[in-house]
Each structure stands twice: as C-alpha cells, then as structure tokens.
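The values are calculated or read from the model by the stated rules, or taken from the named source; none is laboratory data. Note that the structure is predicted; figures quoted are calculated from it, not measured. Quick reminder, even Gly has a Cβ in these numbers, built from the backbone with ideal geometry, and neighbours come from all protein chains shown. Surface areas here come from the heavy atoms of the whole protein model, side chains and all, with no ligands, DNA or RNA. Shrake-Rupley method; radii C 1.70, N 1.55, O 1.52, S 1.80 Å.
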Amino acid sequence: MSEQNYQAFWNEVLNIIHEEYRQKGQEDEFKLWFNMEYVKDTLSEITVSVPSEFMWKSMVQRGYVEAVQTKIFEMTGQNVNIKHIPRNSFVVPSSPTSVTPKNEPQKTEESPAETKISATPTFVAPKPAVPDIHKKQTKLDDKFTFDSFVLGENAELAYKASQAAAENPGKAYNPLLIYGDSGLGKTHLMQAIGNYIYEKNGGDVKIRYLTAENFTNEFTSSLKDNAIEKFKSKYRKLDVLLLDDIHFLQGKTQTQEELFYTFEALDAIKSQMVFTCDRPLSELKDITARLKTRFSKGMTVNLNPPNYETRCAIIQKKLEIMGKSIPDDVIDYIAKNVQNNVRELESCLVKMLAYAELLDKPVTMEIAQKELSDTITQPSMGAVTIDTIQKVVAEHYNISIGDLKSRHRSKKVLIPRQVAIYIARELCDYSYPELGNEFGGKDHTTILHSYEKIVDQLKTDTVLNSTIQMLIRNIKNYKK
C-alpha cells in the first residue's frame, strides 16, 4: 500500500478528538497526551513521532493511543497498529513504503528499515517471537499483578481474599465481589487474579475479563444478529469470568437475566467468578433479588481510600516502575492532597513528570504546585483544622464539642470521638500526643487505640466507611 493512505483519516480522527476535549475545556490535556505526529503508514500500521519514550509509555498506559486506534477502526473498518519513533530521530522516507503482496503472509518481525528508526511495537501487537494468542483472548493487562499492587491497611482483606481466589479458583471465595469508589484498585485486583491463574495454567484455562457494559453490548449484538447460542457458548464454558462494574447493569433486565443463567452455568462447573462494583450490593437499584443473591453467595470485600503512608508507598512504587525519582517533599505534597483515588494519584505523578521532561527541568515543589494546580484544587491539609473536624463530627452525631473532649465512655460519645480522631489523623499533620492535647488532654496511647479501632472497623463496616467519607467531604467544604 502506498504511503499516506491513512493520513487523511489520521488528521480527521485527531480533529474529532481535539474538538471533544475542547468542548470539555481540556484543550491542554489534548495537546499533551495526543502529541503524536503522523510519519508514514503501511496496510496494517501507522508510524508516528512522539517527544520521548517516556511520553509514549504514558500515552499507551493512559489509553490515549487506544482511543485513536478505536476511532480509526470506526472510520476505516481496519485494525491499524500504531508504532512510534522519537521525534528527533526520524527521516521521512523518499520512496513509498514497500507492500507485502496479498498472497504472501505478513512478516511478524520488523524490517531492517524499521529497526534503524527504532520503531517499537505498542501494546496491541503480540511479541513477534512467541505470539501469546491465548493471553490476548483473556483481555487481561499484564501490568495488573499482585506484586505491582501496593498493599495498605485499606486493602488488606480484599488483597488476601483475591490471592486466595487466585490460588484456589472455584474453591476459595467463589464468587468474589470487590467494591469501593472509583480509582481504588478494584480492577487491578480483579485482573491480578486472572493474570495469576493464567501464568499458572497458561492456555489450558479459559479466562475472560470484560466490563459489564461490554457484556451488555455483546449480548445485545448477539440478539440483533441472531447469534445468542454463540454468546452462551462463549461465556457459559469459561474457567474464570472477571466482570467489572456490575453497577452498570442497573435497570437492564434482559442482560441481568442472561447473566443470571451464565452465573448458574459457571457455578455448576465450579468456575471462578469475580465481580466489582462501585458501591455495596445493598445500594444497587433495579437489580433482581436473585442476581443480588448470587453476587453475595461467596465473599464480599471492600476497598477503602488509602491512608497517607500507603499513598506515599504507591507513589514510590509507580516511580520505581517508571525508573524515575522525585524529591521527598514533592511526594509528600501529592500524597497529602490526593487522598481518595489511586488512579488520580498516578495521573498527577505522570502529568508532572511529563511536563518536567518536556521542559527539561528537574522536578521541584514549584513545578509540582504549578502543573498540578488544575487537579489539586483543595488547599493543603494544613488548612483543615481540628476545630472544623470537631464541629462537623459533633453536629453530625448531635453531641457537643465538649463531649468529644470529655472522658465520657458511653457509646453515644465514644464512637463519634473515635471517628473525629481518625479523621484528624488522616487530614492533619498531627502526632498522637498533639492530637491527645486537642481532645481534652488524653494520653497518646488512647488516641492511637481510637485510631486503630476505626481502621479495623473500616475493613468490614461499609456503613461506617460511607459515613466517614461523607464527613470528610463536609469538612473540606466547611464554610467558616
């Protein structure tokens, strides 16, 4: 195929995506993450130039390259792979790219010309030497493993339950339901289970990861195309089903019915099932009672927001994976200001490093504060005072601030006091002795016990978790 057959489509796709971001007021995001310049193409491949290898890895990891591929497929009907080269290293060839005749099989290895410009395959292409077709069919992402998951107290039970399910699929904790707010690691743990089972069994085990939305769309298409038996055969004979975001199924009666029978079929052959949801089952609406019963048949675990120490560990782990380093005060700044979403934590880190690399400047606190200003809109944690925490908690539980500082041990006072101490420890940079002084001169061991008591309860008490998250939001938004 001659050169530049896809260039018109490429330009149109980038224009469409640009307009989408412009309408959302995110034009700067578009300029940063879609900074890919068209170089050449072949029948199955487009080569683009990018500012750096680090930027390319970030574009791939965050799904921007896949977004372009998807839109090109929608326009052309062709699955086109996107390759990259560093922007300062390529020379546009003077002659058209050679074409593999239709009768000849496509080569799986890169040509010498491609090697010269250091074009590297994206995540879409399998490794040329050993194409792992079975792994590709699972839809699992290799980066989601138990080793790459940073374990803190917020996720201890979910992590151990996931490990147990992976080590004994179909026997331990089946089904396993993991729930929690967006960006806390539900998908990571779910796919870690799948990756562990796959590495242990390889192509001998049938695993499928997908979102509830994709399950719904595929089921709907099978009805339209009169291919429902093929759909049933595909999902009712799996060894492992990993279904993400089941809250999407609310109100979709026919899909729920199909999932119910899929569940029954898989349960009968002892297949492992893992589900994720953004809320407790009790808060799901328009989900049939019998399907809720099936979801809760095995074990249900929740993920809470990570504490400060865990957030720091997550940042350090991400830096280790990227092969980067930043000053400790910058790690502290991010960890203190991004509290409830691991995905946002990583987003801030990647964005800051990308800007620093493009500007060829060392990472400093000044750069972090400037480049993350659009994400970190809340003031630093020092702006949240103990007084505000005590006022909001006392008002919620209908007691006085004096009660919180008193030595009363009644349940009506004890629980709010423990909650206030826990929140203060999470939001303020206070030591245990300093918190003791703020709560009526209590000993630091009493403060430590109160904090740890809430930490333990949050592992299993979903109502308390919801209450604390609501209180934290109210505290941050408190108008003096």
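If you check Leu243 against the conditions, is it on the phi < 0 side of the Ramachandran plot, crowded, with 18+ Cβ neighbours inside 10 Å, assigned to a loop (DSSP other than H, G, I, E, B) and within 25 Å of the chain's Cα centre (by Cα)? Taking the combined requirement at face value, the residue does not satisfy it.
Cβ separations smaller than 9 Å between residues 6+ apart or across chains give the following pairs from the stretch 359-371 residues that are on the phi < 0 side of the Ramachandran plot to residues that are open to solvent by 90 Å² or more (accessible area, probe 1.4 Å): Val363/Ser325; Ile367/Leu359; Ile367/Lys361.
Per the conditions (1) more than 20 Å from Ile423 (Cβ to Cβ); (2) of a type outside the set (Lys, Arg); (3) part of a loop (DSSP other than H, G, I, E, B); (4) under 17 Å from the mean Cα position of the chain (by Cα), the sole criterion not satisfied by Gln339 is (1).
Filtering Glu199, Glu213 for residues that are surrounded by fewer than 15 Cβ atoms within 10 Å (Cβ to Cβ), under 18 Å from Asp142 (Cα atoms) and under 24 Å from the mean Cα position of the chain (by Cα) leaves a single hit, Glu199. When every residue of the stretch 315-327 is checked against the conditions, at least one turns out to be farther than 30 Å from Pro175 by Cα, open to solvent by 50 Å² or more (accessible area, probe 1.4 Å) and either among the polar types (S, T, N, Q) or within 14 Å of the chain's Cα centre (by Cα) (or both). Condition (residue is surrounded by 19 or more Cβ atoms within 10 Å (Cβ to Cβ) and under 29 Å from Ser431 (Cβ atoms)) applied to the stretch 353-360: is it met by at least one residue? There is no residue in the stretch 353-360 that is surrounded by 19 or more Cβ atoms within 10 Å (Cβ to Cβ) and under 29 Å from Ser431 (Cβ atoms). Scan the stretch 404-440 for residues that are assigned to a loop (DSSP other than H, G, I, E, B) and either touching a residue at least 24 places away in the same chain (Cβ under 8 Å) or among the hydroxyl-bearing types (Ser, Thr, Tyr) (or both) and the total you get is 9. Across the stretch 61-82, the number of residues qualifying as more than 25 Å from Val350 (Cα to Cα) and open to solvent by 80 Å² or more (accessible area, probe 1.4 Å) comes to 4.
Residues that are among the β-branched types (Val, Ile, Thr) and buried (at least 19 other Cβ atoms within 10 Å of the Cβ) within the stretch 256-281 comprise Thr262, Val274, Thr276, listed in sequence order. Entry remark, the stretch 64-83: residues being of a type outside the set (A, V, I, L, M, F, W, C), at pLDDT 85 or above and part of a helix (DSSP H, G or I) number 5 in total.
Report yes if Arg290 is among the charged types (D, E, K, R), over 28 Å from Ile421 (Cα atoms) and open to solvent by 50 Å² or more (accessible area, probe 1.4 Å), otherwise no. Yes; evaluated as a whole, the condition is true for this residue. If you take the residues of the stretch 29-57 that are of a type in the set (D, E, K, R) and more than 22 Å from the chain's Cα centre (by Cα), which of them is surrounded by the most Cβ atoms within 10 Å (Cβ to Cβ)? Top of the filtered list is Asp41.
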